[in-house]
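Heads up, the thing below is written out as structure tokens.
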Amino acid sequence: MKTIARLKAKKAFTLVELVTVIAIIGILAAILIPTMVGVAQTARVSSANLSANDVRKFVNMWITKLDTTGHYINKAKNVENDPYIIIDASNGEYVSTFSDGFWVTDEDEAEMVKSLSDYLITNLGYRELYAVGYLNEGAVEALVYFVNSSEVTEEYPSFADFTRTDYWSGNNGIAEDGTVIGTSPQIING
């Protein structure tokens with residue numbers, strides 16, 4: 001009974017108890033914060049890879065449509081990053097650039113830009129993006145994706161880099177300058 005009475009009489013924490021609780025909270029924070037930062041970065045890379053896959057699928061649908069309507073699509077094997085298509089969207093304004101190895105008429109280019117813009121904005125909500133699609137045998141075989149053109153780094157994966165397993169210097173999908181790069185198919189160090 002005396003022990004219970006003493007415990008009821010105690011109304012405040014001691015300094016030792018407070019320091020112990022603060023130390024435990026500090027240790028837990030030191031463990032959890034870096035883990036949470038890594039999770040957020042991994043989520044951004046996964047999202048960019050999914051977006052790269054969506055854009056790649058749509059451009060391939062468009063190329064198939066052109067091919068079936070009698071337009072010429074370069075069916076050669078890609079050797080030195082050619083042929084390619086670059087899609088640059090800023091504030092919903094889309095601009096596409098085709099390499100010399102990708103033949104397309106002005107009408108087809110205008111149709112592609114309009115249909116790509118409509119699809120990506122309406123269905124996927126993409127008003128900002130920068131993508132480079134590498135064509136091989138008449139289809140986009142590999143695509144590099146940036147959330148927007150202000151994030152494009154000087155060096156991004158080339159067509160040949162999609163076969164490497166040592167492309168990333170650090171985490172998969174993170175450039176040396178920290179930029180998140182989405183790829184389809186996904187480039188994974190391994």
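Read-outs throughout are calculated quantities, based only on the coordinates presented, and are distinct from any laboratory measurement. Keep in mind that this is a model prediction, so the values were computed, not measured. When we count neighbours, we look across all protein chains shown, and the Cβ atoms used for this are built from the backbone with ideal geometry, even at glycine.
Over its Cα atoms, what ratio of radius of gyration to 2.2 N^0.38 Å does the chain give?
Working: Rg = 25.9 Å, N = 190, 2.2 N^0.38 = 16.2 Å.
Normalised by 2.2 N^0.38 Å, the Cα Rg of the chain equals 1.60.
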What does the charge count near Asn78 come to, summing +1 for each Lys or Arg and -1 for each Asp or Glu among other residues with Cβ under 9 Å from its Cβ? -3
With r defined as the distance between the Cβ atoms of Thr68 and Glu109 and R0 fixed at 25 Å, what FRET efficiency is calculated, to the nearest 0.05? 0.90
Which residue, Gly173, Val79, Thr64, has the largest displacement toward the positive end of the dipole of the range 28-184 when charges sit on each Cβ (Lys, Arg +1; Asp, Glu -1)? Gly173
Within the chain, which is the longest segment containing none of the GluC sites (Glu not before Pro) that sit in a DSSP loop and have at most 13 other Cβ atoms within 10 Å? 1-79
Between Asn78 and residues 5 or more places away or on another chain, which pairs have amide H atoms under 5 Å apart, with H built 1.01 Å from N, and which residues are they? Glu137
In deg cm²/dmol, rounded to the nearest 500, the helical mean residue ellipticity at 222 nm of the chain, built from -39500 (n - 2.57) for every DSSP H run of length 4 or more, is -15000 deg cm²/dmol
If a paramagnetic tag sat 7 Å from the Cα of Val79 along the Cα-Cβ line, which residues of the range 134-178 would have the backbone N under 17 Å from that point? 135-138, 159-161
Theoretical gain in end-to-end length, Asn148 to Leu18 [0.36 nm per residue, Cα-Cα removed]: 42.0 nm
If you put +1 on each Lys and Arg Cβ and -1 on each Asp and Glu Cβ, how big is the dipole of the range 28-184 around its Cα centre, in Debye rounded to 20? 660 debye
Give me the net charge for the shell around Thr179: Cβ to Cβ below 13 angstrom, other residues only, Lys and Arg +1, Asp and Glu -1. -4
Applying the Karplus parametrisation 6.51 cos²θ - 1.76 cosθ + 1.60 with θ = phi - 60° to the phi angles of the range 46-56, what ³J(HN,Hα) value in whole Hz is obtained for each residue in order, glycine and proline being reported as x? 4, 5, 5, 5, 5, 5, 4, 5, 4, 5, 4
